[in-house]
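The values are calculated or read from the model by the stated rules, or taken from the named source; none is laboratory data. Remember, predicted model here, so these are calculated numbers, not experimental data. Cβ atoms come from the backbone with ideal geometry, glycine included; neighbour counts cover every protein chain shown. In case anyone asks, the SASA skips ligands and DNA or RNA and just uses the protein heavy atoms, side chains included. Shrake-Rupley method; radii C 1.70, N 1.55, O 1.52, S 1.80 Å.
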Amino acid sequence: QQALTDLSISNLFQIVGDKNNESAWRKKYQEKKELINRLYWDKEDKFYYDIDCNDKHFYKVQTIASYWALTAEVADNQQACALLEKILDDLCFGGEMPLVSLSRSDKDFSNNGKYWRGSMWLPTAYATLKGLSRYGFHEETQKLSQKILTRMLKTYQEYEPHTIWECYSPSECKPGMQVDGKTVVRPDFCGWSA
């Protein structure tokens, strides 16, 4: 997100013709881009992971948050293709409800969502879709978007109350569940979900 901020600010200075500030913010962006690719990209798994602050080892938990690397244009084309493969894989981030918060292959993934343990969240899905689009994956972006909107509509039509939910189940046309796995997430969520 910080790399995206630097890139966006640089682009704004470019629009207004301020070359000095454009260059300064572009430099900050390039520094973060290099750092992210050097420290967070796992060449073996072909995925961006969080790292331990002390010894820099990877926390090998695949979450949708790693797709900010696409949104911020940090990944190169090969990395973007590798990330796309995981999105299209039904055992990872794919499926009828794609772009879930935690890889379906993770031991902590929950079929009812359990908040961030598998639910599909609109802000992270939107950021991921924007990132995919930036790399030219337009057909895939459209198909993923269609799947999400279809599931949201079906949930709206079939689940009561008929509303927009905070997050959505990764496996059924229902809202996701809270951390306890029993309580439904917040209805009428016309903040980010709408």
Item to check | About the Cα centre, charge dipole magnitude for segment 33-109 (Lys/Arg +1, Asp/Glu -1 at Cβ), debye | outcome: 100 debye
Checklist entry - Do the alpha carbons of any pairs in Lys56/Lys107; Lys130/Lys174; Lys28/Lys60; Lys86/Lys130; Lys147/Lys174 sit beyond 21 Å of each other, and which pairs? => result Lys56/Lys107; Lys130/Lys174; Lys28/Lys60
Checklist entry - ³J(HN,Hα) across segment 122-132 via Karplus (A = 6.51, B = -1.76, C = 1.60, θ = phi - 60°), whole Hz, x for Gly/Pro? => result 4, x, 6, 5, 4, 4, 5, 4, 4, x, 4
Item to check | Selected from Ser105, Tyr48, Gln2, residue furthest toward positive end of dipole (the chain; charges at beta carbon) | outcome: Gln2
Checklist outcome for this item: With x for Gly and Pro, the residue-by-residue ³J(HN,Hα) of segment 81-97, computed from phi through the Karplus equation 6.51 cos²θ - 1.76 cosθ + 1.60 at θ = phi - 60° and given in whole Hz, is 5, 5, 5, 4, 4, 5, 5, 7, 7, 5, 8, 10, 9, x, x, 5, 10
Checklist entry - Considering amide H positions built from the backbone, and no H for Pro or chain starts, which residues 5 or more places from Asp50, or on another chain, come under 5 Å of its amide H? => result Tyr59, Val61
Checklist entry - How much solvent-accessible surface does Asp90 expose, in Å² to the nearest 10, with a 1.4 Å probe and all protein chains in place? => result 100 Å²
Checklist entry - What ³J(HN,Hα) values, in whole Hz, does the Karplus curve 6.51 cos²θ - 1.76 cosθ + 1.60 give for segment 112-120 when θ = phi - 60°, with x put for Gly and Pro? => result 9, x, 6, 6, 8, 9, x, 4, 9
Next on the checklist: For the ranges 116-123, 157-164, 93-100, 46-53, what's the packing order if you count other beta-carbon atoms within 10 Å of each residue, average per peptide, and put the highest first?
Outcome noted: 93-100, 116-123, 46-53, 157-164
